[in-house]
1. Where in the range 94-179 are there GluC sites (Glu not before Pro) that are in a DSSP coil and have at most 15 other Cβ atoms within 10 angstrom of their Cβ?
2. If the range 49-100 were replaced by its equivalent ellipsoid, with semi-axes equal to the square roots of 5 times the Cα gyration tensor eigenvalues, what would those be, largest first, whole Å?
3. Relative contact order for the range 3-199 using alpha-carbon pairs under 8 Å, separation at least 6, rounded to a whole percent?
4. For residue 81 and residue 98 in one chain, what is 0.36 nm times their gap in residues minus the Cα-Cα distance, to one decimal in nm?
5. So, in the chain, how many Lys pairs have Cα atoms under 28 Å apart, if the pair is 8 or more places apart or on different chains?
6. Counting each pair of different Cα atoms once, what's the Kirkwood radius of the chain in Å, rounded to one decimal?
7. What shape does the range 2-117 take by its C-alpha gyration tensor, where a ≥ b ≥ c are the square roots of the eigenvalues and a/c under 1.5 counts as rounded, a/b above b/c as prolate, and the rest as oblate?
8. Under the rule a/c < 1.5 gives rounded, and otherwise a/b versus b/c splits prolate from oblate, where does the range 153-200 land using the Cα gyration tensor?
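Every number in this text was worked out from the coordinates using simple rules, so none of it is lab data. Only a predicted model underlies this, so the values are computations on that prediction, with no experimental measurement involved. Cβ coordinates were reconstructed from backbone atoms using ideal geometry, including for glycine residues, and neighbour counts include every protein chain displayed.
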Amino acid sequence: MAWKIEGTYFENCNCDWVCPCTVTSFASPATGDRCQVILNYHVRHGEVDGVDVSGRSVSIVADSPKQMLDGGWRVGLIIDDKASKEQADKLTAVFAGQAGGPMANIAPLIGELLGIERLPIEYSDKGNRHSIRIGGAIAIEVEDFAAQEGGETTKLTGVAHPSGSTITIARPISSEIKAFGMEFHNAGKSAFSAPFSWAG
């Protein structure tokens, strides 16, 4: 299966701002008893095994031990309900790590797949603000952080993160997450955003 996708991503977790797990490429523990995170991806352009997946969104909801490298993550996958069955199957292969690429490196840490759901996803990038609404149970808005208003946003570089080696630090303005029997309230906690470009 040959594929290439690119677009934008943002995440929001329950760590105190700024998440040490991400800063240290998973080497440091979360600031809470568990890591509760959602990673949101919007594919602007992409093709997977000959299937065009442009314009579709995918979210990954995860609950992991305090030390993420210990594995045993509980993970659920949400696919844009506007995707056809063929598109959804191809996106699932990429984002579950079955098709290789960055998510294949995360797959060994997953202990339990909680499910794959098809839900309406509204994903938005407006300047330094990124938001997502998934059905009636998930609504998140984050804003990229800049030390001076209108200035350059603050970035982490050289990190081992599936979305890329350079990601922007963000602040979650609002966050309500209810999915796969889990419920997180991560407003005021940690967030990151970045463009992404993957191939496999």
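1. Passing sites in the range 94-179 are 149, 152.
2. Output for the range 49-100: semi-axes of 26, 12, 7 Å.
3. Across the range 3-199, relative contact order equals 24 percent.
4. Working it through step by step, the gained length comes to 4.1 nm.
5. 19
6. 16.7
7. prolate
8. oblate
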